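Structure, as structure tokens:
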Amino acid sequence: MTETIDLLLKRRSVSPVALTGPGPSAPELETLLTIASRVPDHGKLAPWRFIVFEGAAREKASGIIVARYREKNPDAPAEVVEAERMRFLRAPLIIGVVSTAAPHPKIPEWEQVLSAGAVCMNVLIGAKAMGYAGSWLSNWLSYDAQILAAFGLKPHEKIAGFIHLGRAASVPEDRPRPDLAAIVTRFA
Ligand SMILES: Cc1cc2nc3c(=O)[nH]c(=O)nc-3n(C[C@H](O)[C@H](O)[C@H](O)COP(=O)(O)O)c2cc1C
């Protein structure tokens, strides 16, 4: 109990540049995806799915990202293109969380989208509890229709997040957190 509270009070995102291998093993990934899909989900629609980027498949994703980046930014300097090439090559494992939210007669689409956010957070917390670190990122590629199609998303699907996971080579200082007095009111 105290351990869980401590984890939640201290957890920090760790950027892909500070992540190293090894990533979660196959059974750990299975557990992580099980945790990820155990979230509040109004109507039991499971309005999300996962795309796992691991090992050499990350190179293929990287190629897609670079090709599209070059197409959109033909004059980009080599170091910027290199940063794009590295985007999916730093963390040993990236879990793409796809929101499959769609109009439904009873369950508002907004609630389906929120459920995908809960999935992303469960991945981060579950990974931390297993001794891994990571961050929940979107970046421009999450909003590029051609990249999404190349990653296998259907036109109505959206990326809720790419969760980059690995071992933390370093953990950043904490960042300022919201002042509760500014965000909490008591209904009276
Ligand atoms: C949906 C979503 C997308 C995000 N995308 C990015 C991103 O593309 N780049 C980035 O630097 N941070 C992004 N962030 C922020 C980081 O995940 C994270 O909130 C920040 O680094 C501090 O995290 P911490 O409070 O967990 O330590 C995103 C957060 C969310 C919720």
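Quick notes on this structure:
- Each label was represented as a point 7 Å from its Cα along the Cα-to-Cβ direction; for R85 and A102 these points are 3.9 nm apart.
- Sorting 78-88, 124-134 by average packing, meaning the other beta carbons within 10 Å per residue, from highest down gives 124-134, 78-88.
- Each Lys and Arg contributes +1 and each Asp and Glu -1, all at the Cβ; summed about the Cα centre of region 22-89, the dipole is approximately 260 debye.
- Pairwise Cα distances in region 35-188 exceed 18 Å for 65 percent of all pairs.
- Percentage relative contact order, the chain, counting C-alpha pairs under 8 Å, at least six apart: 34 percent
- Share of Cα-Cα pairs in region 2-82 lying beyond 20 Å, as whole percent: 62 percent
- Cα-Cα over 30 Å, subset of K72/K158; K10/K106; K106/K154; K60/K154; K10/K60; K72/K154: K10/K106; K10/K60
- A convex hull fitted to the Cα coordinates of region 47-106 yields 98 cubic angstrom per residue.
- Shape of region 99-171, Cα gyration tensor, a/c cut at 1.5: oblate
- Estimated 222 nm signal from helices in the chain, with DSSP H stretches of n ≥ 4 weighted -39500 (n - 2.57), rounded to 500: -12000 deg cm²/dmol
- Charge dipole of the chain about the Cα centre (unit charges at C-beta), most positive-ward option of Q146, I94, H156: H156
- For region 1-79 and region 93-112, distance of Cα centres in Å: 17 Å
- For L89, L32, L7, L153, order by how many other beta-carbon atoms lie within 10 Å, fewest first: L7, L89, L153, L32
- Charged side chains reduced to their Cβ positions (Lys and Arg at +1, Asp and Glu at -1) give the chain a dipole of some 200 debye around its Cα centre.
All of the numbers you see were taken from the coordinates with simple rules; none came from a lab. The model shown is predicted, which means the values in this text are computed figures rather than measured ones. All Cβ positions, glycine included, derive from the backbone under ideal geometry; neighbour counts span all protein chains shown.
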